[in-house]
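Structure first, commentary second.
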Amino acid sequence: MPRRLSLALLAVLFPLAVPGAQVISDEYRVKAAYLYNFVRYVEWLEPVKAPLTICVAGQNPFGTVLEDLVRNERVRGIPLRTEVVPGPVDECNVIFTPRTSNVQAYLKAVAGTPTLTVGESKGFIDQGGLINFVLDHGNVRFEINRSGAERAGLRISSRLLQLARLVEPGVEEP
Amino acid sequence: MISRCAALLLATSLFAVPPDAFAQEDLKRLSIEELMRIDVTSSSRRLEPVGTTAAAISVITSDDIRRAGVTTIADALLLADGVHTARFNNGTWAISPRGFNSNTANKLLVMIDGRTVYSPLFSGVFWNMEDYVLGDIDRIEVIRGPGAVLWGSNAVNGVVNIITRHSRDTQGTLVSLSSGPEDPFIAEARYGGALSSVTWRAYAKLAARDDQRFATGAPSGDARRRGQIGFRLDGGAPAGSTWLLKGDAFHSRDHLPDRPHGEFTELDLQMRWSIPIGGSRFDVQSYYRREYRRVPQQLTHHIDVFDVDAQQTLRIGGRHDIVWGAGARVNRDGTDGSATLAFDPIDRVYPVSNVFVQDDIAILPTRLFVTLGAKYEHNAFSGGEFQPNVRVRYLLPRRQIIWGSMARAVRRPTRFDDDIVVTGPGGVELARGSDAFESESLVGGEIGYRIQPSGFFSLDATVFRQRITDLRSQELLPSGLPVVVGNTLEGLARGVEVGVNLQPFEWWRTHVGYTRLETEIRRASASRDVGGGATEANDPDHVFGLRSSVDLPYRIELDALLRSVAALPNPVVPSYTELNLRAGWWATPRTEIWFAGQDLLNNRHPEFGPALPTRVEFERSVRVGVTVRTP
């Protein structure tokens, strides 16, 4: 088969593999799925104004994965949406701060508001963050700052707490 | 084979959709537990939900086990669709999917972390000896139907794959205590730690169970006490080679209704090593297991099993996922019979070995897959057996899958068939095994359909038909007694299995399982059988199960498990409907206080065995307990 034809066939058979589309690593696919799940297992004690907004701080590592994930989804009747926020804002119900972002600035901006802060950097909980992704033997696990969540007016379901590593700010992990 | 070790993981590597098809839709379906298990460092292997597996499979999660409030592994199988789980007395169960159930059911492969636990003596499981800290069981996969190639020897009616948690997931302390009138105490303790790249855990368990009642109302004298200790070590780098070392020691004193002071011991030691070489992966596994059982006035025996397996998993040309391997096992046993039951010869060494290969072929990538497999197994009783399997699966949009399978699997002869000697009063020999006994052979076909259109609903349905030839018979020859064990019965099992998951709200999950089953046994033309297959099958036409799990505010969980089992024909056991309830309260995220009730609808009811005044009936039981975990 002429090489050109086979390449053309390949492009037809694997439209997803067409160059240009951003390839998202499994790590961020999984983290996106976690974010979607966190929203289902966290309750905002104050009513949430629709839509419930999941913000991604700074550079977006999810491509369209997170957006596709929450499209047309509702949690407790409230539609979900995502937004990439270039700087600290206060319209987010959930904010994910990738390790490339200025984590401290974002955390400061939402301190004292009922915002679920999710991070992926060492010391994120110590800085006042609520849920932190950690890589453990190739699996993505998460730590929860339970007292911080309570202070922020968020109720985290027992199911999530059970699966998490519970960490208090300032307490070094063993 | 090690493929058996983690059928789901394997199933995933074998049956997985290629990486590109790891679509958004799939991602959305994954539970947090499943997300936690995905290895994001490797792109070739990934954990798929059971959605795409071309087999009739139920997965019982650790959460299911905890919330069912059951006290034994055997009882946890109540949670699997299509399995008839019946108790005969406190220490004896009759458990089988796809029919041919009895308290010596012998067509089920049962494994704990890939280590076979059925007794080579009769190919059945002594369920009273299989225990664990239930909170450290990661999941139980129940695969119905013949799957001998993929999962190993004796996978005739199905496979039960009990998988304990990786020790890195059981770090810290777990203490669980419970007590109630029928179970005076069940105490479990585990501690897990880490030393550089090695994680470990050690555990101990002690439990007591009180007498049930005879049909007459008198105590049945089947109280038992059991204890177990064990450890597990895991090491290696996730992307490199990994290893596992694991050992357990079990001891129990079981009274049997007419034979007090039975004593049972099991020891096992197991290692596994997984090495990536080039683009493939080698797994080597070995284990040693010792079983010691003393049933007064019946039989005392001990068996040593030594097993080695090796396999290679590789992908060729992007379209072929191949697993091949070989295994060898040596059983060495000794028996000490009684006036009624003995074995001839008294001691025996009997090896069994196998080679197998399986190719999972992507005919249309992401759509149509065909799995071809074959296994050749050689045993010391009947020689070589060829066990092929063909599976096809077709993936449709909206997470639908249609699959089909045709397979042959054998239940190979055991000492029970070849060497048994049964003596009656006055020393008359009543029955005798036969060296001419052949493997029982099952050929079965099944077709399944599964749909998971949303996270709130899924449906799984399977239709199957399987035929057993050379089924065990009891032949009365013209020469008179003794009756000789033969192969002149034939069996047929067909049915439909349906499972539906419905989650109307985030906080309310339900599951309905229904099995319609027809089994029949008939005599082959030259049969001189006098047993009528009464010891080979006693199956309900219908089994219905309903499960409901509710998460309430204030961290309260409510669970109900309703099951309804149709009458058994021969010997007759009446139908029954029973209910288990459990209420748990997470006082803190690490402390759970709970109340569990089992068999609440009847004062007591029988589940298996002939309608004698001494048939054991199971009483209503309640327990309270507390479970504490520290990080």
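The values are calculated or read from the model by the stated rules, or taken from the named source; none is laboratory data. What you are looking at is a predicted structure, and each value in this text was computed from that prediction instead of being measured. Positions of Cβ are backbone-derived with ideal geometry, glycine not excepted, and every protein chain shown enters the neighbour counts.
Conditions tested, residue by residue: (1) under 24 Å from the mean Cα position of the chain (by Cα); (2) surrounded by 15 or more Cβ atoms within 10 Å (Cβ to Cβ).
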site: B:V572; (1), (2): no, no
site: B:T577; (1), (2): yes, no
site: B:L581; (1), (2): yes, yes
site: B:E607; (1), (2): yes, yes
site: B:P610; (1), (2): no, no
site: B:P613; (1), (2): no, no
site: B:S621; (1), (2): no, yes
site: B:V628; (1), (2): no, yes
Name the residue, out of A:I131, A:I125, that is touching an Asp or Glu at 6+ places or on another chain (Cβ under 8 Å), crowded, with 19+ Cβ neighbours inside 10 Å, closer than 26 Å to B:R168 by Cβ and away from chain B (no Cβ under 13 Å). A:I125
Might you let me know whether the stretch B:518-529 holds any residue that is out of contact with any His (no Cβ under 6 Å at 6 or more places or on another chain), among the acidic types (D, E) and within 14 Å of chain A (Cβ to nearest Cβ)? no
Limited to the stretch B:364-386, what total is found for residues that are in contact with a strand residue (DSSP E or B) (Cβ under 6 Å, 6 or more places away or on another chain) and in contact (Cβ under 8 Å) with a residue 24 or more places away in the chain? 12
Hits in the stretch A:52-69 - residues which are more than 9 Å from every other protein chain (Cβ to nearest Cβ) and either crowded, with 17+ Cβ neighbours inside 10 Å or within 25 Å of A:A164 (Cα to Cα) (or both): A:L52, A:T53, A:I54, A:C55, A:V56, A:A57, A:G58, A:N60, A:P61, A:F62, A:L66, A:E67
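One line per residue, one yes/no per condition, for (1) more than 11 Å from the chain's Cα centre (by Cα); (2) within 30 Å of B:P504 (Cβ to Cβ); (3) surrounded by 13 or more Cβ atoms within 10 Å (Cβ to Cβ); (4) among the charged types (D, E, K, R):
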{"residue": "A:E27", "(1), (2), (3), (4)": "yes, no, yes, yes"}
{"residue": "A:V42", "(1), (2), (3), (4)": "yes, yes, yes, no"}
{"residue": "A:E83", "(1), (2), (3), (4)": "yes, no, yes, yes"}
{"residue": "A:D90", "(1), (2), (3), (4)": "yes, no, no, yes"}
Selection from the stretch B:471-485 of residues surrounded by fewer than 13 Cβ atoms within 10 Å (Cβ to Cβ), in a strand (DSSP E or B) and of a type in the set (G, A, S) yields B:G480
From the options A:R159, A:R99, A:R155, A:R146, residue that is touching a strand residue (DSSP E or B) at 6+ places or on another chain (Cβ under 8 Å), within 14 Å of chain B (Cβ to nearest Cβ) and surrounded by fewer than 17 Cβ atoms within 10 Å (Cβ to Cβ): A:R155
Among the residues in the stretch B:194-207, are any of a type in the set (G, A, S), under 27 Å from the mean Cα position of the chain (by Cα) and more than 24 Å from B:R604 (Cβ to Cβ)? yes
Under 6 Å by Cβ, and 6 or more places apart or on different chains, what pairs join a residue from the stretch B:421-436 that is at pLDDT below 90 with one that is surrounded by 12 or more Cβ atoms within 10 Å (Cβ to Cβ) and of a type outside the set (S, T, N, Q)? B:G424/B:L430
Search the stretch B:89-126 for residues being part of a strand (DSSP E or B) and among the hydroxyl-bearing types (S, T, Y), and hand back the single one that is nearest to B:S252 (Cα to Cα). B:T92
Quick one: how many residues across the stretch A:48-66 are among the β-branched types (V, I, T) and more than 18 Å from A:A109 (Cβ to Cβ)? 3
Yes or no: the stretch B:126-147 includes at least one residue that is without any contact (Cβ under 8 Å) to a residue 60 or more places away in the chain and buried (at least 23 other Cβ atoms within 10 Å of the Cβ). yes
What are the residues in the stretch B:407-429 that are in a strand (DSSP E or B) and more than 22 Å from B:Q297 (Cα to Cα), if any? B:A407, B:R408, B:A409, B:V410, B:R411
Quick check on the stretch B:175-205: of everything there that is closer than 21 Å to B:T630 by Cβ and in contact (Cβ under 8 Å) with a residue 60 or more places away in the chain, which residue is surrounded by the fewest Cβ atoms within 10 Å (Cβ to Cβ)? B:L177
Quick test of your reading of the structure: B:E188 fulfils all but one of (1) out of contact with any strand residue (DSSP E or B) (no Cβ under 6 Å at 6 or more places or on another chain); (2) of a type in the set (D, E); (3) over 19 Å from A:N139 (Cα atoms). Name the failing condition by number. (1)
With the condition kept exactly as written, say whether any residue in the stretch B:301-318 is basic (K, R) and without any contact (Cβ under 8 Å) to a residue 40 or more places away in the chain. no
Here is a check on your reading of the model: is A:V140 among the hydrophobic types (A, V, I, L, M, F, W, C), more than 17 Å from the chain's Cα centre (by Cα), buried (at least 18 other Cβ atoms within 10 Å of the Cβ) and within 14 Å of chain B (Cβ to nearest Cβ)? no
